[in-house]
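Written out below as structure tokens is the structure these notes cover.
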Amino acid sequence: MNKNFYVWLLIIVCLSCGETTTPKPKAELRLEYPKAKYVDANLQLPFTFEKNLLSSKTVLKELKAPTKSYGINLEYAALKGTIFLTYKAIEKDEKNLISFLRDAQKFTLEHTKKADEIPAYPFEDDKRKVYGLLSEVKGNVASPVQFYVTDSVNHFLTGSLYFNAKPNYDSILPAANYLQKDIKHIMETLRWK
């Protein structure tokens, strides 16, 4: 009798604890950004370009350097990111051009320690005399997108994208992709004065 009691008790316990589980549907975070609206940046610089209206603040400062130089920050508060632009005058000096190119490429190569991959995309517009390179730095890096453009004689512009967050490639990827389109637009609309 004692054995039957324990068997029945075990059966009741096992059957009474059953809970039907329902699988949850697969979900992903959906981030939506407004469609980009571009306007002339209207800055007192040796070049012009169009910027996204989502850029909430633009900071312009003259930099101390051997040639005429400016720093331009396009801040995107909603995305917690900033596109940093640096302009340097070449002054028709081949040594300046080589130095600026070397610095821009070295800056990108510094990310190879943490980057998974760095695909580079050449940019060329003969009509406007704008030549350069866009580098997409993939992985948990501080700056996921960098570029430079020049006319090879008078003007040199570099740019990089940074976020006010710890580098986590998967988390910042949607915002990085959105701002990479803005960087491409800057390159495509750039006009030297």
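The values are calculated or read from the model by the stated rules, or taken from the named source; none is laboratory data. Since this is a predicted model, take the numbers as computed values, not measurements. Quick note on the areas: whole protein, heavy atoms, side chains included, nothing else; ligands and nucleic acids left out. Shrake-Rupley method; radii C 1.70, N 1.55, O 1.52, S 1.80 Å.
Rolling a 1.4 Å probe over the protein chains gives H185 an accessible area of about 40 Å². With the whole protein complex present, I12 retains an accessible surface near 100 Å², based on a 1.4 Å probe. Straight Cα distances below 26 angstrom link K37 to the lysines K51, K57, K61, K80, K127, K129, K181, K184, K193, with same-chain residues fewer than 8 positions distant left out. Which distance in Å, rounded to a whole number, links the C-alpha centroids of segment 79-101 and segment 118-193? Between the Cα centre of segment 79-101 and that of segment 118-193, the gap is 12 Å. R102 exposes around 150 Å² of accessible area when a 1.4 Å probe is run over every protein chain in place.
On a per residue basis, the chain carries 66 Å² of accessible surface, using protein heavy atoms and a 1.4 Å probe. In straight-distance terms, cross-link reach from K138 covers every one of the aspartates and glutamates whose alpha-carbon lies under 18 Å from its own, apart from those fewer than eight places away in the same chain; here that gives E110, D116, E117, D170, D182. Stretching the chain fully between N42 and Q105 yields a gain of 19.8 nm (0.36 nm per residue, less the alpha carbon separation).
Grab the DSSP H runs of the chain that are 4 residues or longer, score each as -39,500 (n - 2.57), total them, divide by all residues and round the 222 nm result to the nearest 500 deg cm²/dmol.
On the way: 3 runs with 52 residues, N = 193.
After summing the helix terms and dividing by the residues of the chain, the value is -9000 deg cm²/dmol.
By accessible area, using a 1.4 Å probe on protein heavy atoms only, the chain has 54% of its surface on carbon and sulfur.
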